[in-house]
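Student: Please find one structure pasted underneath; my questions will follow.
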């Protein structure tokens with residue numbers, strides 16, 4: 001219900017903005033740079049990936065004067081929703097996630113003059129700019145914290161679907177934990193979905209029963225359920241993609257930031273400045289400030305532990 005009302009509120013605001021924009025264009029004013037955004041099948045209100053992208057375009061709207069529209073593909077009809085956005089004549093079409101690659105590749109061939117941005121996957125077409133992140137670098141930082149602060153010696157990783165991008169989260173987390181705590185036990189389970197908060201909750205319960213005192217979900221809305229259950233169980237957790245502290249304020253120590261909002265703002269700024277997207281792949285890690293950590297809350301690191309973290313973050 002929360003996701004429904006959140007989406008309805010946003011849609012109403014966009015419809016009103018669209019009416020104002022139509023009036024401006026009819027008066028002969030110059031068209032703004034515009035974007036069409038297709039979020040993940042979990043939709044807006046995930047406190048994570050989709051919301052981060054939306055935030056970046058909102059900032060570009062407020063600061064750069066762009067306009068944008070969006071679709072939530074709950075039915076997984078990615079190509080159909082993307083075609084609707086293309087028909088609105090946006091300067092760029094943005095697709096979030098690995099699952100959208102097939103649709104973008106097909107449409108990139110069908111509309112060779114349309115510019116696309118694909119997040120978390122890599123396309124070979126010249127009119128598609130692929131933006132990927134070094135999730136393993138950010139997750140490594142999370143793993144360091146979990147490994148240094150676990151009291152039970154058991155921590156857990158919860159993935160959404162088993163796809164390359166989520167496996168990079170798992171790899172980074174695992175290496176980070178083992179680097180500082182070789183004897184730690186790491187529980188790993190994939191939910192098989194990004195859109196089931198109940199399943200995220202159930203997996204967390206099972207991990208707590210096995211002794212886990214820290215869990216790290218990289219699972220979209222499924223992960224929201226995991227964070228809330230961690231709070232219910234009185235253990236610690238880590239957010240992902242955006243700062244998820246406010247999802248579970250008694251559990252979320254920090255979040256692995258995937259600065260998708262910054263990346264999309266930069267894309268729109270480039271277009272506003274009259275530069276065409278060049279296609280190809282852009283990869284963003286810690287050095288490029290594409291990934292990082294939100295403020296650490298609820299726990300205090302020792303000076304030695306903070307020094308370990310700072311070194312990896314280049315501070």
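Student: Could you tell me which of the residues 75, 105, 62 is part of a helix (DSSP H, G or I), within 24 Å of residue 166 (Cβ to Cβ) and not assigned by TED's automatic domain parsing to the domain that holds residue 308?
Tutor: Details: 75 fails: part of a helix (DSSP H, G or I); 62 fails: within 24 Å of residue 166 (Cβ to Cβ).
Residue meeting the stated conditions: 105.
Student: Mind counting the residues in region 166-183 that are in contact with a helix residue (DSSP H, G or I) (Cβ under 7 Å, 6 or more places away or on another chain) and buried (at least 20 other Cβ atoms within 10 Å of the Cβ)?
Tutor: Residues flagged as in contact with a helix residue (DSSP H, G or I) (Cβ under 7 Å, 6 or more places away or on another chain) and buried (at least 20 other Cβ atoms within 10 Å of the Cβ) within region 166-183 amount to 7.
Student: May I pose another question? Using beta carbons and a limit of 9 Å, which pairs, at least six apart or on different chains, have the first residue in region 277-289 and more than 17 Å from residue 241 (Cβ to Cβ) and the second one part of a loop (DSSP other than H, G, I, E, B) and modelled with pLDDT under 95?
Tutor: 282/288; 282/290; 287/314
Residues are listed down the side, and each one gets a yes or a no for (1) under 20 Å from residue 57 (Cβ atoms); (2) in contact (Cβ under 8 Å) with a residue 24 or more places away in the chain; (3) assigned by TED's automatic domain parsing to the domain that holds residue 45:
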{"site": "209", "(1), (2), (3)": "no, no, no"}
{"site": "231", "(1), (2), (3)": "no, no, no"}
{"site": "265", "(1), (2), (3)": "yes, yes, yes"}
{"site": "271", "(1), (2), (3)": "yes, yes, yes"}
{"site": "275", "(1), (2), (3)": "yes, no, yes"}
{"site": "299", "(1), (2), (3)": "no, yes, no"}
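To keep it simple, each residue is scored yes or no on (1) touching a helix residue (DSSP H, G or I) at 6+ places or on another chain (Cβ under 9 Å); (2) surrounded by 24 or more Cβ atoms within 10 Å (Cβ to Cβ); (3) not assigned by TED's automatic domain parsing to the domain that holds residue 301.
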residue: 115; (1), (2), (3): yes, no, yes
residue: 121; (1), (2), (3): yes, no, yes
residue: 142; (1), (2), (3): yes, yes, no
residue: 146; (1), (2), (3): yes, yes, no
residue: 149; (1), (2), (3): yes, no, no
residue: 185; (1), (2), (3): no, no, no
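Student: Considering only residues that are farther than 20 Å from residue 128 by Cα and either touching a residue at least 40 places away in the same chain (Cβ under 8 Å) or touching a helix residue (DSSP H, G or I) at 6+ places or on another chain (Cβ under 8 Å) (or both), which ones fall in region 74-93?
Tutor: 76
Student: Moving on to the next point. Confirm whether residue 301 is in contact with a helix residue (DSSP H, G or I) (Cβ under 8 Å, 6 or more places away or on another chain) and under 21 Å from residue 218 (Cβ atoms).
Tutor: no
Student: Any idea how many residues of region 190-214 are surrounded by fewer than 18 Cβ atoms within 10 Å (Cβ to Cβ) and either within 23 Å of the chain's Cα centre (by Cα) or closer than 17 Å to residue 231 by Cβ (or both)?
Tutor: Count: 7.
The values are calculated or read from the model by the stated rules, or taken from the named source; none is laboratory data. Here the structure is a predicted model, which is why all the values come from computation and not from measurement. Positions of Cβ are generated from backbone atoms using ideal geometry, with glycine treated the same way; all protein chains shown enter the neighbour counts.
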